[in-house]
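Remarks on the structure that follows.
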Amino acid sequence: MRYYAQYDESNNLIAIGTGYGGTEITESEYNDLLTEIRTKAQLVEQLYSNEITISYIPVEWQEEIQRRVDERIANEEAIAEEQIPGDELLTMIEEVL
Amino acid sequence: MSYNSDLQNNNNNLYNILNIINSLPSGEKEGQTKIAIPSLSQQIIAPDTGKHLSSVQVQPITNELLTSLDGDFIADNIADGVDLFGLVGTLAGGGAQIATGTFTLTGEESTTINYTVTHGLGVVPNFAFCVTNMNVNNKISEYGICLLAGVNNKIYSLWRGASSRWTFYGISDALTNTSPVQNARIGKATDTTIRFGNIMSNGGVSSYGYFVPGTEYYWMVGVV
């Protein structure tokens with residue numbers, strides 16, 4: 001199986017995966033990155049939900065985690081202002097009912 | 001007889017022997033060897049003038065030789081995994097061609113509404129799906145995404161909502177459409193890539209259904 005990591009123009013890791021694409025990495029590197037990605041995603045979720053404070057997060061990750069939380073809040077504010085198409089609204093209502 | 005007389009007789013005998021040798025047929029001429037390389041046409045291996053063939057060495061048949069004789073003898077034209085004369089084929093299918101993989105987004109990008117994977121099929125797929133574990137105990141992950149594309153290059157988008165049931169969620173234009181229609185969570189496909197995602201026709205971002213950072217998504221595309 002081929003493992004890869006994918007970076008953006010600023011050399012930030014944006015994804016890992018299996019299959020074609022990206023830069024090939026070893027299985028061990030893949031597993032390490034997967035663990036780090038999941039840990040960071042969990043921290044973003046916890047910080048966003050006010051379950052933790054920024055001081056709980058390792059210093060070297062604090063800036064990144066805080067930035068991602070800020071981006072998420074900004075995105076959700078943008079979404080809140082967006083008009084929802086009629087059929088999507090209907091589907092959303094159906095799911096609630 | 002004297003010693004000199006004996007010596008003269010011997011010389012005469014040697015001279016006669018030399019004449020006999022010189023008068024022997026051509027088959028007794030100087031030998032030579034030649035090398036023959038198999039070809040697509042009949043070959044006649046003949047000795048050079050004044051010589052005879054003592055041996056002809058025929059070169060072995062190798063995949064390099066066969067490729068030089070016929071440019072179609074390449075790995076791409078041999079079934080995947082089949083070894084012919086030491087050349088292992090890479091030609092997939094003959095029927096369906098399938099490519100699979102996974103991806104996990106870091107969330108580093110400000111949006112995770114779409115992601116382009118490289119499938120490497122070499123042809124534009126006519127079906128695809130992308131799915132994740134729907135049982136992640138996470139509010140956002142409850143909105144798992146499942147994309148199906150198939151008949152007549154239409155894309156059938158299904159996903160599971162918060163009510164834990166599957167919802168048929170629209171049919172898009174062809175996979176090659178650069179502007180996915182509303183609610184079809186899939187984008188442009190090429191012969192090398194396909195975009196899974198959540199882009200809507202109005203350019204907006206759905207409030208749910210986007211890829212969840214840290215969650216592993218499984219994809220499959222193919223041609224049948």
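A few points about this structure:
- Per-residue mean of foreign Cβ neighbours for A:55-62 is 0 (Cβ atoms of other chains, 10 Å radius).
- With neighbours defined as other Cβ atoms within 10 Å of a residue's Cβ, the residues B:Leu53, B:Leu14 order from fewest to most as B:Leu14, B:Leu53.
- Each of A:Tyr56 and A:Asn11 was given a label point 7 Å from its Cα along the Cα-to-Cβ line. The distance between the two points is 3.3 nm.
- Burial order of peptide ranges A:17-26, B:37-46, B:120-129, A:44-53 (average beta-carbon count within 10 Å, highest first): B:120-129, A:17-26, A:44-53, B:37-46
- Beta bridge orientation in the stretch B:9-90: antiparallel %, DSSP, nearest 5: 20 percent
- Shielding by partners, peptide A:8-19 (average Cβ within 10 angstrom, other chains): 6
- Listed by Cβ neighbour count within 10 Å, with the fewest neighbours leading, A:Ile16, B:Ile98 appear as B:Ile98, A:Ile16.
- Linear extension gain, A:Arg2 paired with A:Asp32, 0.36 nm per residue minus alpha-carbon span: 9.3 nm
- By the count of neighbouring beta-carbon atoms within 10 Å, fewest first, B:Phe85, B:Phe103 end up ordered B:Phe85, B:Phe103.
- Shielding value for A:22-34 is 1, the average number of Cβ atoms from other chains within 10 Å of each residue's Cβ.
Every read-out reported here was derived from the displayed coordinates using simple, explicitly stated rules and does not represent laboratory data. Please read these numbers as outputs of a predicted model, since none were measured by experiment. Note: ideal-geometry Cβ built from the backbone for every residue, glycine included; neighbour counts use all protein chains shown.
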